[in-house]
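These notes concern the structure reproduced below.
Each reported figure results from applying straightforward, stated rules to the coordinates on display, with no laboratory input. None of these values were measured; they are calculated from a predicted model. Because the Cβ atoms are built from the backbone with ideal geometry, glycine has one as well, and the counts that use them run over all protein chains shown.
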Amino acid sequence: MYDSLKAKKEAEKRALDKTDQEMIEKAMQDGLETAWDRLAKQQPQCGFGQLGVCCNRCAMGPCRIDPFGEGPTRGVCGATADLIVARNLLDDLSVGAAAHSDHGREVLEVLLDTAEGKSQGYEIIGEEKLKVVAEEYGIKTKGKKKEEIAKELALAMLEEFGTIKNKIQLAERAPEKTKEMWGKVGIMPRSVDREIVESMHRIHMGVGADYANILLHGLRTSLSDGWGGSMMATDGSDILFGTPTPNTSWVNLGVLSKDKVNLVLHGHNPILSEMIVKAAEDSKMKKLAEAKGAKGINLVGMCCTGNELLMRQGIPIAGNMLDQELAIATGAVEVMVIDYQCIFPSITHTASCYHTKVVATSEKSKVPGAMYMEFKPETALDTAKEIVKTAIENFPNRNPDRVKIPDKPIKMMAGFSEEAIRKALGGSYKPLIDAIVAGKIKGAVGMVGCNNPKIKQDYGHVTLGKELIKRNILVVETGCAAIASGKAGLLLPEAAEMAGDGLKSVCKALGIPPVLHMGSCVDCSRILVLGANIAKELGVGIEDLPIAGSAPEWYSQKAVSIASYFVASGVTTHLGIPPKIFGSPNVVDLLTSKLRDHINATYFVEPDPIKAADKIEEEINRKRKALGI
Ligand code: SF4
Ligand code: MSK
């Protein structure tokens, strides 16, 4: 029996945002199972798994180590807790690096097809960025057509995945001092695919037993993601669709429309969703929507595909990872288009409770129960139109009695690419550096990552974000963290009122929010470039800057890779959810302490956001002191 009081209390426990709470209540009323319910059903979760001491890598196992030293201390092959934990971590990290990098490869393939005139609907919009990146690759641009340059560049970048040069071009963007540090530690990335393949090799039984050696390779693999696969995804997307500039839009489930055809674009890769934006503008589609009784077509984003569209097109965003089921629970979604990553495998089960159709578009990400409309560059616009048409034709199937849409979307600003931030500062980082030196801004934090039902949705992001800006620490964000801040109103210039006096004065002078939305998960690469350019202007390494990273609500293997390339780049990084490493005190000691001697940064785990802010501030002060400021 549905108990409204109980549901309200439960919703308040599950999510911070009122509109999310409203929809959690509706989902409960509709008898819909969500990630929170499934987490409850999984309790108690396996203690061995949480500590990272179970291994299921080979047919002699599965094995597990007794963390209390009373049971087995080695797996059948003889692996210790240190080795099992390190290998499991390397596995997670490499999966994340692979996901980002494979996304990057797809963007570059579309760039190549577009340059060769083989794709449908695409054009090269980011000509300025095309030239900048081409020159980094030593490609002559003078007197050449943009398509010629794009072809050479796409081929050069695609070559980076398996290059035998033993270095990745984009890693050259790092300051000399940081690169020297990588050289000394032996973690300079050699190619994108090589590091990931080598990781897979190293986690095979009997390939090394030294946990530190395995973890160092993890750092190298993560660098091949941050300064390789992810950075190429960002740059390729900027070249195809334009480098983001600041814009204003709307966020939360209230962006869904009561009287228009709603399409939710969910996943990570902008290559098809950008075409859907084009298709929805087609006058024929608009007329068809009206003929079906709708007042128009309403595109909204979800997760990082949403962030990509928000950054470049100002398309409103319905929410972050834990909102995917809640969006469907509004009863107002005609089609949810999915590409890949962070899409619950049960999404079609959720959709089956309403009229919503799920449309899968990637050959590598098919979901039982979903319609399948395969994305191919050469037919992208036709496919996009077909998807929009499917949504329009589904509109009459919407049951108005089952529709409930929260009515208060929140205004937000997005579009802060590294280029846009530099431009806002007048072309150089000097004003920002001056503000940091003067102590008006104490430092900066790159806050990234997901939602995780183990923590109240958005609570970690928002609480930590507010605490940091209060302490005059500028926050730059990507992914679901940025969406959380948007819902909480932190992505508005008015939010500067919540900041400390120094940060407030800088934000007011520039007309910017104290929390800047820099894009999707792969756009954490923008944060690296931002750090690199500031460090170069100061004549130091990234590892010297008074900055930190944070992933308060992470769940994904991609977040493991992001946190690792932040740390490997010299940026101490906070994790709000404990990684599965605590079964090995040696691994914990290496990652949270010993690493500092080599790369001037560590990971640290702190579930309480206020205590996390204390530790972040301490780290920023340590680096300020070392810089003599
Ligand atoms: Fe067990 Fe070793 Fe096989 Fe892992 S690799 S399952 S620890 S025997
Ligand atoms: S979508 S990886 S839940 S940020 Fe990029 Fe959000 Fe994390 Fe997915």
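Between the alpha-carbon centres of the range 422-438 and the range 108-152 there is a gap of 31 Å. Between Lys376 and Asp282, the simple spin-label model (points 7 angstrom out along Cα→Cβ) gives 1.7 nm. When each of Ser520, Ser584, Ser428 is scored by the number of other beta-carbon atoms lying within 10 Å, the sequence from fewest to most is Ser428, Ser584, Ser520. Across the range 389-399, coupling constants 3J(HN,Hα) worked out from phi with the 6.51/-1.76/1.60 Karplus curve, θ = phi - 60°, read 4, 4, 5, 4, 5, 7, 4, x, 7, 5, 9 Hz, and Gly and Pro carry x.
Relative contact order of the chain, please, whole-number percent, based on alpha carbon pairs below 8 angstrom and at least 6 residues apart.
This gives 17 percent for the chain.
In this simple spin-label approximation, Ala40 and Ala509 carry label points 7 Å from Cα along the Cα→Cβ vector, and these lie 5.2 nm apart.
Counting only DSSP beta bridges with both residues in the chain, what percent are antiparallel, rounded to the nearest 5? The partial results should precede the final answer.
On the way: 7 of 46 bridges.
Looking only at bridges with both residues in the chain, the antiparallel portion is about 15 percent.
Projecting the Cα atoms of Pro400, Pro585, Gln457 onto the charge dipole of the chain (Cβ charges, centred on the Cα centre) puts Gln457 farthest toward the positive pole.
Given the DSSP H assignment, sum -39500 (n - 2.57) over each helix run of at least 4 residues in the chain and divide by its residue total; what's the result at 222 nm in deg cm²/dmol, nearest 500? Calculated at 222 nm, the ellipticity per residue is -14500 deg cm²/dmol.
Could you give the size of the charge dipole of the chain about its Cα centre, using +1 on the Cβ of each K and R and -1 on the Cβ of each D and E, expressed in debye and rounded to the nearest 20? Please report the intermediate quantities before stating the final value.
Working: 78 positive and 80 negative charges, 144 e Å.
Here the size comes out at about 680 debye.
Residues within the reach of a label modelled at Glu109 (point 7 angstrom out along Cα to beta-carbon, backbone nitrogen below 14 Å), restricted to the range 518-548: there are none. Here the translational diffusion coefficient of the chain follows from Stokes-Einstein with Rh set to the Kirkwood radius across Cα pairs; for 37 °C and 0.692 mPa s it amounts to 133 µm²/s. For the peptides 616-624, 306-314, residues were scored by their other Cβ atoms within 10 Å and the scores averaged per peptide; the highest-first order is 306-314, 616-624. Simple spin-label estimate for Glu159 and Ser593 gives 4.7 nm between the two label positions (7 Å along the Cα-to-Cβ direction from each Cα). The charge dipole of the range 253-402, taken about its Cα centre with unit charges on the Cβ atoms of Lys, Arg (+1), Asp and Glu (-1) only, comes to about 340 debye. Across the range 203-212, computed HN-Hα scalar couplings (Karplus, 6.51 cos²θ - 1.76 cosθ + 1.60, θ = phi - 60°) run 8, 5, 4, x, 10, x, 10, 9, 4, 5 Hz from first to last residue, x flagging Gly and Pro.
Under a Cβ-Cβ cut-off of 11 Å, what is the net charge of the residues other than Lys258 that fall near it, where Lys and Arg count +1 and Asp and Glu count -1?
Here the count lands on +2.
In the range 96-126, what GluC sites (Glu not before Pro) fall in a loop by DSSP, with at most 13 other Cβ atoms inside 10 Å? Walk me through the intermediate numbers first.
Values: sites: Glu106, Glu109, Glu116, Glu123; in loops: Glu116, Glu123.
Answer in residue order: Glu116, Glu123.
Looking only at Cα atoms, what is the convex hull volume of the range 253-402 per residue, in Å³?
Values: hull volume 13.7 nm³, N = 150.
Each residue corresponds to 91 Å³ of Cα convex hull volume.
For the pair Lys184 and Ala209, the difference between a 0.36 nm per residue extended length and the Cα-Cα distance amounts to 6.8 nm.
One chain, two ends: Lys625 and Val197. Fully extended at 0.36 nm per residue, the span grows by 150.0 nm beyond their Cα-Cα distance.
Between Lys142 and Met60, the contour length at 0.36 nm per residue exceeds the alpha carbon distance by 23.4 nm. Peptide packing for 385-397, 526-538, 50-62 was compared via the average number of neighbouring C-beta atoms within 10 Å per residue; ordered from the highest value, the list is 526-538, 385-397, 50-62. A straight line joining the Cα centroids of the range 234-308 and the range 528-595 runs 33 Å.
Applying 1/(1 + (r/R0)^6) with r as the Cβ-Cβ distance of Arg402 and Lys9 and R0 = 30 angstrom yields a FRET efficiency of 0.80.
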